[in-house]
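The structure appears right after this line, and notes come after that.
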Amino acid sequence: MNGMSRPDPALANRRTNLVGIGRAELAAEMAAFGAEPFRARQLWHWIYHRGATDFAAMTNLAKGFRERLAAQYELHRPAVSRAQVSADGTRKWLLRFADGQEVETVHIPETDRGTLCISSQVGCTLNCTFCHTGTQRLVRNLAAAEIVGQVMLARDALGEWPSPREDRQLTNIVLMGMGEPLYNYDNVAAALKIVMDPEGLAISRRKITLSTAGVVPIIARVGAELGVNLAISLHAVTDELRNRLVPLNKKYPIGELVAACRAYPGASNARRITFEYVMLKGVNDSLAEARELVRLLRGIPAKVNLIPFNPWPGAPYECSSDAAIAAFSEIVFAAGYSAPVRTPRGRDIAAACGQLKSQSLHPRFAARIAAPPAAVAVP
Ligand code: SAH
(Lines give C-alpha, C1' and ligand atoms only; values in the text may rest on other atoms or scores of the structure.)
Protein backbone atom coordinates (compact mmCIF):
# COMPACT_ATOMS: atom_id res chain seq x y z
CA MET A 1 0.00 0.00 0.00
CA ASN A 2 1.19 3.45 -0.82
CA GLY A 3 2.01 5.13 2.50
CA MET A 4 1.35 8.57 1.03
CA SER A 5 -2.36 7.92 0.66
CA ARG A 6 -2.88 6.81 4.26
CA PRO A 7 -4.78 9.46 6.24
CA ASP A 8 -2.55 11.46 8.54
CA PRO A 9 -3.81 10.60 12.06
CA ALA A 10 -3.18 14.15 13.24
CA LEU A 11 -5.33 15.53 10.45
CA ALA A 12 -7.96 12.86 10.91
CA ASN A 13 -8.41 14.04 14.49
CA ARG A 14 -8.61 17.69 13.55
CA ARG A 15 -12.01 19.15 14.26
CA THR A 16 -13.51 22.02 12.29
CA ASN A 17 -13.45 25.37 14.05
CA LEU A 18 -16.91 26.93 14.06
CA VAL A 19 -15.58 30.33 15.16
CA GLY A 20 -15.13 32.55 12.11
CA ILE A 21 -17.77 30.84 9.97
CA GLY A 22 -20.45 33.31 8.86
CA ARG A 23 -24.14 32.97 9.69
CA ALA A 24 -25.21 31.56 6.32
CA GLU A 25 -22.24 29.18 6.23
CA LEU A 26 -23.01 27.97 9.74
CA ALA A 27 -26.59 27.27 8.70
CA ALA A 28 -25.36 25.31 5.69
CA GLU A 29 -22.86 23.42 7.83
CA MET A 30 -25.56 22.45 10.33
CA ALA A 31 -27.91 21.41 7.51
CA ALA A 32 -25.18 19.13 6.15
CA PHE A 33 -24.68 17.84 9.70
CA GLY A 34 -28.35 16.86 9.78
CA ALA A 35 -29.50 19.44 12.32
CA GLU A 36 -32.71 21.46 12.03
CA PRO A 37 -32.27 25.09 10.93
CA PHE A 38 -32.99 26.61 14.35
CA ARG A 39 -30.02 24.71 15.77
CA ALA A 40 -27.66 26.93 13.77
CA ARG A 41 -29.26 29.96 15.37
CA GLN A 42 -28.91 28.48 18.85
CA LEU A 43 -25.28 27.67 18.18
CA TRP A 44 -24.63 31.21 16.95
CA HIS A 45 -26.09 32.56 20.16
CA TRP A 46 -23.92 30.28 22.28
CA ILE A 47 -20.77 31.05 20.35
CA TYR A 48 -21.05 34.82 19.89
CA HIS A 49 -23.44 36.02 22.56
CA ARG A 50 -22.56 33.67 25.40
CA GLY A 51 -18.94 33.10 24.41
CA ALA A 52 -19.13 29.33 24.91
CA THR A 53 -15.88 27.48 24.34
CA ASP A 54 -17.34 24.07 25.09
CA PHE A 55 -20.36 22.37 23.54
CA ALA A 56 -21.11 20.75 26.89
CA ALA A 57 -22.20 24.16 28.22
CA MET A 58 -24.98 24.49 25.63
CA THR A 59 -27.68 23.28 27.92
CA ASN A 60 -30.64 23.88 25.61
CA LEU A 61 -29.21 21.37 23.14
CA ALA A 62 -29.82 17.66 23.64
CA LYS A 63 -26.90 15.87 25.24
CA GLY A 64 -26.44 13.50 22.32
CA PHE A 65 -26.37 16.40 19.87
CA ARG A 66 -23.79 18.22 21.98
CA GLU A 67 -21.62 15.12 21.98
CA ARG A 68 -21.91 14.72 18.23
CA LEU A 69 -20.97 18.38 17.77
CA ALA A 70 -17.97 18.04 20.06
CA ALA A 71 -16.72 15.04 18.11
CA GLN A 72 -16.66 16.97 14.86
CA TYR A 73 -16.23 20.63 15.76
CA GLU A 74 -14.37 22.93 18.09
CA LEU A 75 -14.77 26.51 19.31
CA HIS A 76 -11.24 27.67 19.01
CA ARG A 77 -9.45 30.66 20.48
CA PRO A 78 -5.96 31.83 19.50
CA ALA A 79 -3.32 30.81 22.06
CA VAL A 80 -1.97 33.60 24.25
CA SER A 81 1.84 33.69 24.08
CA ARG A 82 1.99 36.64 26.41
CA ALA A 83 -0.43 39.03 28.09
CA GLN A 84 0.66 42.38 29.51
CA VAL A 85 -1.14 45.18 31.31
CA SER A 86 0.20 48.74 31.27
CA ALA A 87 0.14 51.00 34.30
CA ASP A 88 -2.53 53.01 32.42
CA GLY A 89 -4.74 49.93 31.99
CA THR A 90 -3.86 49.28 28.33
CA ARG A 91 -3.65 45.54 27.73
CA LYS A 92 -1.66 43.79 25.06
CA TRP A 93 -1.89 40.19 23.99
CA LEU A 94 0.64 38.41 21.83
CA LEU A 95 -1.41 35.70 20.15
CA ARG A 96 -0.10 32.56 18.49
CA PHE A 97 -1.89 30.72 15.72
CA ALA A 98 -1.73 27.07 14.71
CA ASP A 99 1.23 27.61 12.35
CA GLY A 100 3.24 29.36 15.08
CA GLN A 101 2.77 32.83 13.57
CA GLU A 102 2.01 35.62 16.03
CA VAL A 103 0.20 38.94 16.03
CA GLU A 104 -0.73 41.43 18.69
CA THR A 105 -4.05 42.80 19.88
CA VAL A 106 -4.32 45.83 22.17
CA HIS A 107 -7.17 47.01 24.41
CA ILE A 108 -7.20 50.69 25.33
CA PRO A 109 -9.64 51.58 28.13
CA GLU A 110 -10.98 55.11 28.39
CA THR A 111 -13.59 56.58 30.70
CA ASP A 112 -16.40 56.50 28.15
CA ARG A 113 -15.32 53.57 25.98
CA GLY A 114 -12.81 50.81 25.42
CA THR A 115 -11.14 50.28 22.07
CA LEU A 116 -9.68 47.05 20.76
CA CYS A 117 -6.93 47.48 18.17
CA ILE A 118 -6.78 44.34 16.04
CA SER A 119 -4.40 43.01 13.39
CA SER A 120 -5.38 41.87 9.90
CA GLN A 121 -2.13 40.29 8.72
CA VAL A 122 1.04 38.76 10.12
CA GLY A 123 3.55 41.45 9.10
CA CYS A 124 2.74 43.80 6.23
CA THR A 125 3.80 44.18 2.60
CA LEU A 126 3.51 47.95 2.43
CA ASN A 127 6.89 48.92 3.92
CA CYS A 128 5.90 52.37 5.11
CA THR A 129 9.30 53.76 6.08
CA PHE A 130 8.25 55.02 9.55
CA CYS A 131 6.42 51.80 10.55
CA HIS A 132 8.18 49.00 12.35
CA THR A 133 5.81 46.33 11.06
CA GLY A 134 7.16 46.99 7.56
CA THR A 135 10.57 45.69 8.67
CA GLN A 136 9.18 42.24 9.54
CA ARG A 137 9.96 39.68 6.91
CA LEU A 138 7.13 37.20 7.19
CA VAL A 139 3.73 38.15 5.86
CA ARG A 140 0.52 36.23 5.62
CA ASN A 141 -3.14 37.08 5.71
CA LEU A 142 -5.09 36.26 8.83
CA ALA A 143 -8.09 34.00 8.35
CA ALA A 144 -11.50 35.34 9.34
CA ALA A 145 -11.38 33.02 12.37
CA GLU A 146 -8.08 34.57 13.44
CA ILE A 147 -9.51 38.08 13.18
CA VAL A 148 -12.74 37.23 15.05
CA GLY A 149 -10.60 35.23 17.49
CA GLN A 150 -8.86 38.43 18.61
CA VAL A 151 -12.21 39.91 19.63
CA MET A 152 -13.38 36.69 21.33
CA LEU A 153 -10.14 36.44 23.26
CA ALA A 154 -10.44 40.04 24.45
CA ARG A 155 -14.04 39.41 25.58
CA ASP A 156 -12.79 36.33 27.47
CA ALA A 157 -10.04 38.28 29.19
CA LEU A 158 -12.28 41.24 30.03
CA GLY A 159 -14.96 38.92 31.42
CA GLU A 160 -17.58 40.28 28.99
CA TRP A 161 -19.79 37.26 28.31
CA PRO A 162 -22.64 37.22 27.62
CA SER A 163 -22.11 40.21 25.31
CA PRO A 164 -23.11 43.09 27.59
CA ARG A 165 -25.80 45.46 26.37
CA GLU A 166 -24.27 48.45 28.16
CA ASP A 167 -21.28 49.43 30.29
CA ARG A 168 -18.95 47.47 28.09
CA GLN A 169 -15.20 47.58 28.38
CA LEU A 170 -14.93 46.63 24.72
CA THR A 171 -17.12 49.12 22.85
CA ASN A 172 -15.02 50.02 19.81
CA ILE A 173 -12.76 48.26 17.34
CA VAL A 174 -10.03 49.77 15.21
CA LEU A 175 -8.21 47.86 12.49
CA MET A 176 -4.95 49.60 13.23
CA GLY A 177 -2.77 46.75 14.38
CA MET A 178 -0.44 44.84 12.09
CA GLY A 179 -1.17 44.58 8.40
CA GLU A 180 -3.12 46.31 5.67
CA PRO A 181 -6.77 45.31 6.05
CA LEU A 182 -7.63 46.07 2.43
CA TYR A 183 -4.97 43.64 1.22
CA ASN A 184 -6.93 40.98 3.10
CA TYR A 185 -10.36 42.37 2.37
CA ASP A 186 -12.38 39.16 2.01
CA ASN A 187 -11.31 37.78 5.38
CA VAL A 188 -11.60 41.16 7.09
CA ALA A 189 -15.12 41.62 5.68
CA ALA A 190 -16.20 38.11 6.73
CA ALA A 191 -14.83 38.70 10.23
CA LEU A 192 -16.45 42.12 10.61
CA LYS A 193 -19.84 40.78 9.53
CA ILE A 194 -19.62 38.28 12.38
CA VAL A 195 -18.44 40.94 14.84
CA MET A 196 -21.30 43.30 13.85
CA ASP A 197 -24.07 40.70 14.06
CA PRO A 198 -26.60 42.06 16.57
CA GLU A 199 -27.36 38.58 17.93
CA GLY A 200 -23.72 37.93 18.73
CA LEU A 201 -20.76 40.14 19.53
CA ALA A 202 -23.00 43.03 18.50
CA ILE A 203 -20.41 45.71 17.94
CA SER A 204 -22.07 48.25 15.66
CA ARG A 205 -20.50 49.39 12.40
CA ARG A 206 -20.50 52.90 13.88
CA LYS A 207 -18.05 51.72 16.53
CA ILE A 208 -15.66 50.09 14.08
CA THR A 209 -12.93 51.96 12.21
CA LEU A 210 -10.95 50.44 9.39
CA SER A 211 -7.61 52.12 8.74
CA THR A 212 -5.98 51.83 5.34
CA ALA A 213 -2.82 53.17 3.75
CA GLY A 214 -5.03 53.80 0.71
CA VAL A 215 -5.92 50.75 -1.38
CA VAL A 216 -8.14 52.97 -3.53
CA PRO A 217 -10.10 50.36 -5.57
CA ILE A 218 -11.46 48.69 -2.42
CA ILE A 219 -12.43 51.77 -0.44
CA ALA A 220 -15.94 52.07 -1.94
CA ARG A 221 -16.67 48.43 -1.02
CA VAL A 222 -15.82 49.12 2.62
CA GLY A 223 -18.52 51.75 2.68
CA ALA A 224 -21.11 49.86 0.66
CA GLU A 225 -20.64 46.34 2.08
CA LEU A 226 -19.56 47.02 5.66
CA GLY A 227 -20.52 50.63 6.41
CA VAL A 228 -17.80 50.97 9.02
CA ASN A 229 -15.88 54.18 9.68
CA LEU A 230 -12.94 54.85 7.45
CA ALA A 231 -9.50 56.08 8.48
CA ILE A 232 -6.83 56.98 5.94
CA SER A 233 -3.13 56.93 6.75
CA LEU A 234 -2.30 60.08 4.83
CA HIS A 235 0.92 61.32 6.49
CA ALA A 236 1.97 63.63 3.65
CA VAL A 237 0.39 66.24 1.40
CA THR A 238 2.58 65.86 -1.70
CA ASP A 239 3.01 62.73 -3.82
CA GLU A 240 6.76 63.24 -3.76
CA LEU A 241 6.90 62.90 0.04
CA ARG A 242 4.09 60.37 0.35
CA ASN A 243 5.85 58.10 -2.17
CA ARG A 244 8.71 57.96 0.31
CA LEU A 245 6.67 57.53 3.50
CA VAL A 246 3.90 55.28 2.16
CA PRO A 247 5.27 53.60 -1.00
CA LEU A 248 1.74 52.40 -1.87
CA ASN A 249 1.21 56.01 -2.96
CA LYS A 250 3.13 55.27 -6.17
CA LYS A 251 0.27 52.98 -7.11
CA TYR A 252 -2.59 55.08 -5.72
CA PRO A 253 -1.51 58.73 -5.52
CA ILE A 254 -3.03 61.36 -3.27
CA GLY A 255 -5.43 62.73 -5.90
CA GLU A 256 -7.07 59.33 -6.43
CA LEU A 257 -7.12 58.62 -2.71
CA VAL A 258 -8.83 61.89 -1.87
CA ALA A 259 -11.34 61.35 -4.70
CA ALA A 260 -12.21 57.91 -3.25
CA CYS A 261 -12.76 59.56 0.13
CA ARG A 262 -15.02 62.21 -1.38
CA ALA A 263 -17.11 59.40 -2.87
CA TYR A 264 -17.09 57.24 0.29
CA PRO A 265 -20.63 55.98 0.88
CA GLY A 266 -22.06 57.09 4.17
CA ALA A 267 -19.55 59.79 5.00
CA SER A 268 -21.30 62.78 6.56
CA ASN A 269 -20.63 65.45 9.12
CA ALA A 270 -21.89 63.02 11.71
CA ARG A 271 -19.67 60.24 10.35
CA ARG A 272 -16.41 61.79 9.32
CA ILE A 273 -13.46 60.15 7.64
CA THR A 274 -10.40 60.18 9.87
CA PHE A 275 -7.12 61.26 8.31
CA GLU A 276 -4.14 59.97 10.24
CA TYR A 277 -1.00 62.04 10.09
CA VAL A 278 2.14 60.85 11.83
CA MET A 279 4.26 63.78 13.01
CA LEU A 280 7.84 63.43 11.74
CA LYS A 281 10.31 66.13 12.74
CA GLY A 282 11.41 68.28 9.80
CA VAL A 283 9.79 65.86 7.32
CA ASN A 284 6.06 66.59 7.17
CA ASP A 285 5.38 68.92 10.09
CA SER A 286 5.69 72.46 8.66
CA LEU A 287 2.94 75.04 8.87
CA ALA A 288 2.82 75.16 5.07
CA GLU A 289 2.02 71.44 5.07
CA ALA A 290 -0.72 71.98 7.63
CA ARG A 291 -2.28 74.59 5.34
CA GLU A 292 -1.96 72.28 2.34
CA LEU A 293 -3.61 69.49 4.34
CA VAL A 294 -6.59 71.72 5.03
CA ARG A 295 -6.80 72.57 1.32
CA LEU A 296 -6.68 68.88 0.34
CA LEU A 297 -9.50 67.96 2.71
CA ARG A 298 -11.81 70.77 1.64
CA GLY A 299 -15.30 69.44 1.06
CA ILE A 300 -14.67 66.08 2.74
CA PRO A 301 -16.41 65.41 6.07
CA ALA A 302 -13.08 64.84 7.79
CA LYS A 303 -11.28 64.84 11.09
CA VAL A 304 -7.55 64.70 11.52
CA ASN A 305 -5.63 62.50 13.93
CA LEU A 306 -2.15 63.77 14.60
CA ILE A 307 -0.06 60.83 15.79
CA PRO A 308 3.24 61.60 17.51
CA PHE A 309 5.81 59.41 15.74
CA ASN A 310 6.60 56.44 17.83
CA PRO A 311 10.31 55.67 17.42
CA TRP A 312 11.84 52.22 17.07
CA PRO A 313 15.51 51.20 17.00
CA GLY A 314 17.10 52.25 13.74
CA ALA A 315 14.10 54.31 12.63
CA PRO A 316 15.15 57.01 10.17
CA TYR A 317 12.83 59.61 11.74
CA GLU A 318 12.26 61.53 14.94
CA CYS A 319 9.03 62.72 16.46
CA SER A 320 8.12 66.37 15.91
CA SER A 321 8.46 68.70 18.90
CA ASP A 322 5.41 69.36 21.06
CA ALA A 323 5.44 72.96 19.82
CA ALA A 324 5.47 71.88 16.16
CA ILE A 325 2.60 69.45 16.76
CA ALA A 326 0.61 72.11 18.61
CA ALA A 327 1.14 74.69 15.84
CA PHE A 328 0.18 72.17 13.15
CA SER A 329 -2.91 71.17 15.08
CA GLU A 330 -3.87 74.83 15.56
CA ILE A 331 -3.95 75.48 11.79
CA VAL A 332 -6.06 72.39 11.09
CA PHE A 333 -8.36 73.25 13.98
CA ALA A 334 -8.77 76.87 12.86
CA ALA A 335 -9.94 75.57 9.46
CA GLY A 336 -12.83 73.85 11.22
CA TYR A 337 -11.49 70.32 11.61
CA SER A 338 -11.09 68.52 14.87
CA ALA A 339 -7.36 67.77 15.14
CA PRO A 340 -6.65 65.92 18.36
CA VAL A 341 -3.14 64.75 19.13
CA ARG A 342 -3.10 61.10 20.20
CA THR A 343 -2.39 60.63 23.86
CA PRO A 344 0.40 58.16 24.51
CA ARG A 345 -1.09 54.91 25.84
CA GLY A 346 0.53 51.68 26.91
CA ARG A 347 4.03 53.05 26.46
CA ASP A 348 5.46 50.83 29.19
CA ILE A 349 4.36 47.68 27.34
CA ALA A 350 5.18 48.78 23.77
CA ALA A 351 1.54 48.69 22.81
CA ALA A 352 1.84 51.58 20.39
CA CYS A 353 1.50 52.08 16.65
CA GLY A 354 4.11 50.33 14.60
CA GLN A 355 5.63 48.63 17.63
CA LEU A 356 3.39 45.61 17.82
CA LYS A 357 5.31 42.36 18.08
CA SER A 358 8.63 44.18 18.17
CA GLN A 359 9.62 42.77 21.52
CA SER A 360 8.93 39.21 20.56
CA LEU A 361 11.04 39.58 17.45
CA HIS A 362 13.88 41.46 19.10
CA PRO A 363 14.47 40.57 22.75
CA ARG A 364 16.62 43.65 23.28
CA PHE A 365 13.95 45.94 21.91
CA ALA A 366 12.13 46.37 25.20
CA ALA A 367 15.01 48.11 26.92
CA ARG A 368 15.63 50.37 23.96
CA ILE A 369 12.12 51.70 23.64
CA ALA A 370 11.33 52.11 27.31
CA ALA A 371 11.59 55.90 27.32
CA PRO A 372 10.23 57.44 24.12
CA PRO A 373 6.67 58.62 23.75
CA ALA A 374 4.23 56.17 22.29
CA ALA A 375 0.83 56.62 20.76
CA VAL A 376 -1.99 54.32 19.93
CA ALA A 377 -4.30 55.81 17.35
CA VAL A 378 -7.83 55.86 18.64
CA PRO A 379 -10.32 57.82 16.57
N1 SAH B 1 -2.09 49.40 7.25
C2 SAH B 1 -3.10 50.20 7.87
C3 SAH B 1 -3.35 49.89 9.34
C4 SAH B 1 -2.16 49.63 10.24
S5 SAH B 1 -1.16 50.97 10.81
C6 SAH B 1 -2.79 51.66 7.67
O7 SAH B 1 -1.74 51.97 7.12
O8 SAH B 1 -3.59 52.49 8.03
C9 SAH B 1 -2.16 51.94 11.91
C10 SAH B 1 -1.66 53.40 11.99
O11 SAH B 1 -0.44 53.47 12.73
C12 SAH B 1 -1.37 53.99 10.61
O13 SAH B 1 -1.86 55.30 10.52
C14 SAH B 1 0.14 53.98 10.61
O15 SAH B 1 0.62 54.89 9.67
C16 SAH B 1 0.47 54.32 12.05
N17 SAH B 1 1.86 54.04 12.44
C18 SAH B 1 2.64 53.02 12.04
N19 SAH B 1 3.86 53.09 12.61
C20 SAH B 1 3.86 54.18 13.39
C21 SAH B 1 4.83 54.78 14.23
N22 SAH B 1 6.04 54.25 14.38
N23 SAH B 1 4.47 55.89 14.91
C24 SAH B 1 3.24 56.42 14.77
N25 SAH B 1 2.28 55.90 13.99
C26 SAH B 1 2.58 54.80 13.29
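The values are calculated or read from the model by the stated rules, or taken from the named source; none is laboratory data. Just so we're clear, the structure is a prediction, and the values are computed from it rather than from any experiment. Here the Cβ is made from the backbone with ideal geometry for all residues, glycine too, and neighbour counts use every protein chain on show. The protein model used for the area step is the full one, side chains on, heavy atoms only, and it has no ligands, DNA or RNA in it. Shrake-Rupley method; radii C 1.70, N 1.55, O 1.52, S 1.80 Å.
One table, with the values for the structure above:
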item: Residues (assigned to a loop (DSSP other than H, G, I, E, B) and buried (at least 23 other Cβ atoms within 10 Å of the Cβ)) located in segment 159-188; result: Met176, Gly177, Met178, Gly179, Glu180
item: Residue count, segment 272-294 (criterion: within 14 Å of Thr238 (Cβ to Cβ) and either acidic (Asp, Glu) or open to solvent by 10 Å² or more (accessible area, probe 1.4 Å) (or both)); result: 7
item: Those residues of segment 239-251 which are free of Cβ contacts under 8 Å to residues at least 60 places away in the same chain and more than 12 Å from the ligand (Cβ to nearest atom), in sequence order; result: Asp239, Glu240, Leu241, Asn243, Lys250, Lys251
item: Qualifying positions in segment 246-265 - small (Gly, Ala, Ser) and either in contact with a His (Cβ under 8 Å, 6 or more places away or on another chain) or buried (at least 18 other Cβ atoms within 10 Å of the Cβ) (or both); result: Ala260
item: Checking Ala145 against (1) assigned to a loop (DSSP other than H, G, I, E, B); (2) more than 16 Å from the ligand (Cβ to nearest atom); (3) touching a strand residue (DSSP E or B) at 6+ places or on another chain (Cβ under 9 Å), the condition it does not meet; result: (1)
item: Cross-chain or 6+ apart pairs with Cβ under 7 Å, segment 134-145 first and closer than 16 Å to Leu95 by Cα, then of a type in the set (Ser, Thr, Tyr); result: Val139/Thr125; Leu142/Ser119; Leu142/Ser120
item: Given (1) modelled with pLDDT of 95 or more; (2) open to solvent by 30 Å² or more (accessible area, probe 1.4 Å); (3) over 21 Å from the mean Cα position of the chain (by Cα), index of the condition Leu297 fails; result: (2)
item: Strands (runs of 3 or more DSSP E) fully within segment 37-133 counting 3 or more residues that are open to solvent by 10 Å² or more (accessible area, probe 1.4 Å) and in contact with a Leu (Cβ under 7 Å, 6 or more places away or on another chain); result: 79-85
item: Residues that are touching a Gly at 6+ places or on another chain (Cβ under 7 Å) and among the polar types (S, T, N, Q), drawn from segment 132-150; result: Thr133, Gln136
item: Residue count for segment 191-238, restricted to those that are within 16 Å of the ligand (Cβ to nearest atom), in a loop (DSSP other than H, G, I, E, B) and under 17 Å from the mean Cα position of the chain (by Cα); result: 4
item: Segment 164-177, residues that are touching a Leu at 6+ places or on another chain (Cβ under 6 Å) and either within 16 Å of the ligand (Cβ to nearest atom) or of a type in the set (Gly, Ala, Ser) (or both); result: Ile173, Leu175, Gly177
item: Residue check, Ala191 open to solvent by less than 10 Å² (accessible area, probe 1.4 Å) and in contact with a Ser or Thr (Cβ under 8 Å, 6 or more places away or on another chain); result: no
